[in-house]
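A quick write-up on the structure given underneath.
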Amino acid sequence: MRDLQNSRPINIHRVCHDGRMESMVDQVKAVLYPNSQSKPLARALPLLLSELYLAWLEDPDSCIGLYMSPRYYPLNRYNSLNISQFFIELVVRMTDEGWIGLKKGQQSTIDAWPGRTTRIWAKKKLISLFTSNPISSDDFGLDQNYETVILRNADKTPIEYEDTPETERMRSVLRDYNRLLNQSFIDIPELDEPAIKLANGETLRVSPHQKTVHRIFSNGSWEEHGRFYGAWWHSLPSKWRQRIHINDALTVEYDFSSMLPTLMYAEKGQQLKKDAYSFSLPEGNPFGRSELKLIVLIAINAATEQKAIYAIRDKLQEETNLSFTNEHIRQSIEAFRREHPVIADQICSGVGLKLMKADSDIAEKVIEKFTSQDTPVLSIHDSFIVPWDKDKELITNMEQSFKEVTGVLPFNIASESIEWRKNFEQGLSSPTAIDPHQRHSLLNAGRGIETEGYKNRREKFKNQI
């Protein structure tokens with residue numbers, strides 16, 4: 001039985017540069033739509049076959065998730081290949097004719113499992129066509145007019161907008177950044193099969209075809225949100241991020257401590273000078289720093305205190321085994337306000353998306369600085385991953401970027417991998433590590449396991465470029 005969680009969303013910007021794809025399109029068209037000159041078919045069929053072929057190449061047991069509603073195929077700037085709602089008819093037709101498998105999606109309800117989009121996959125009939133027309137995964141890419149600056153309304157639906165010098169500038173930054181990412185080998189050496197099973201049961205693929213980054217703005221406003229998404233590392237659990245290698249080099253990750261409270265202080269022209277998530281609570285309150293951080297971040301994003309309490313309660317019940325009450329949550333929010341009177345008025349005011357715009361502007365500046373030096377930096381909101389010998393440069397760039405956007409310096413820049421790096425560098429510089437063989441052993445120990453799968457992917461990447 002096929003694992004429907006082993007799936008990725010369809011990418012409607014997919015193209016294939018191998019002429020054999022055109023041959024397959026003609027063969028399928030001759031069976032399903034003989035003599036048709038339909039333009040919607042001419043656009044939809046190459047996309048569908050390309051996505052199914054690439055998914056089959058990466059993992060024969062995987063699925064593609066897609067929506068079967070016409071509203072998801074509007075002809076606008078976000079649909080560079082002009083894929084119309086005919087795409088839905090094509091999927092149904094290919095299913096009926098036995099080319100692809102399909103499992104209908106389900107809507108999310110209070111009493112049911114979370115919603116799931118429709119899943120499709122290549123069946124034996126189509127796989128036979130693939131095997132007789134061998135195409136390398138290197139020959140699949142994205143349409144060059146793929147839109148990377150996305151403006152959504154309150155319902156999270158992308159909306160049209162008129163380009164300005166600012167949107168064109170943002171798109172130019174992303175174009176240069178994506179070019180560098182796609183020219184870089186970004187992988188995890190200990191993965192023989194480039195896939196990770198997530199806590200929710202879904203499978204995350206560490207794929208060279210999922211390195212393109214876009215930027216999303218919310219509520220129809222260029223002043224809200226603006227964070228970067230789209231690459232596989234954006235969905236990677238934090239425990240795996242320190243295992244990433246960039247161009248076969250060890251990496252380190254740094255982030256801004258207490259980022260949103262720090263930005264709130266900066267908006268007041270002041271600098272936060274202590275850990276925002278450590279403060280005194282009334283006796284009997286069960287929360288520690290990790291719970292207080294969650295409470296504060298949700299409260300910053302919530303429009304009202306009541307909404308904050310509901311959201312916090314649900315999240316705490318999901319993530320902890322603590323026994324607590326709504327009053328404990330309310331006490332914690334009030335304790336934070338007392339500890340930080342300068343920003344107390346912004347708690348439970350819905351200011352979160354505007355703060356995210358500021359942190360995304362900071363991230364953009366960090367990205368620009370490294371891209372101009374041809375050094376890949378992986379941005380995960382207020383966290384950044386760089387090759388391990390670029391850590392001091394990263395700290396400098398983060399501080400400069402924060403000050404350029406806010407006018408003040410950040411509270412602190414920290415890294416969970418600092419202790420590992422400190423021990424690693426001490427080992428490399430110690431007298432016992434002077435011997436080249438010992439130094440080589442230390443480097444290999446720091447690198448961790450290199451699986452055969454990783455070595456093969458590395459070799460393939462080197463041959464590709």
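One table, with the values for the structure above:
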read-out	value
Failed item in (1) assigned to a helix (DSSP H, G or I); (2) over 25 Å from the mean Cα position of the chain (by Cα); (3) touching a residue at least 12 places away in the same chain (Cβ under 8 Å), with CYS348 passing the rest	(1)
Unmet requirement for TRP232, which otherwise passes all of (1) farther than 26 Å from GLU393 by Cα; (2) crowded, with 17+ Cβ neighbours inside 10 Å	(1)
Output for the stretch 311-345, where each listed residue is among the hydrophobic types (A, V, I, L, M, F, W, C) and either under 25 Å from ILE216 (Cβ atoms) or without any contact (Cβ under 8 Å) to a residue 24 or more places away in the chain (or both)	ALA311, ILE312, ALA344
Output for the stretch 268-326, where each listed residue is assigned to a loop (DSSP other than H, G, I, E, B), small (Gly, Ala, Ser) and at negative phi	ALA276, SER278, SER280, GLY288, ALA302, ALA303, SER323
Qualifying residue in the stretch 184-193 (condition: touching a residue at least 12 places away in the same chain (Cβ under 8 Å) and farther than 15 Å from HIS245 by Cα)	yes
Yes/no for VAL149 being buried (at least 18 other Cβ atoms within 10 Å of the Cβ), aliphatic (A, V, I, L, M) and at pLDDT 95 or above	yes
Qualifying residue in the stretch 115-136 (condition: in contact with a strand residue (DSSP E or B) (Cβ under 7 Å, 6 or more places away or on another chain), surrounded by fewer than 16 Cβ atoms within 10 Å (Cβ to Cβ) and in a loop (DSSP other than H, G, I, E, B))	yes
Qualifying residues in the stretch 245-256 (those that are modelled with pLDDT under 95 and assigned to a loop (DSSP other than H, G, I, E, B)) - the one nearest to ILE380 (Cα to Cα)	LEU250
Matching residues in the stretch 20-55 - criterion: being in a helix (DSSP H, G or I), among the polar types (S, T, N, Q) and surrounded by fewer than 22 Cβ atoms within 10 Å (Cβ to Cβ)	SER23, GLN27
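The values are calculated or read from the model by the stated rules, or taken from the named source; none is laboratory data. Everything numeric in this text was worked out from a predicted model, so none of it was measured. When we count neighbours, we look across all protein chains shown, and the Cβ atoms used for this are built from the backbone with ideal geometry, even at glycine.
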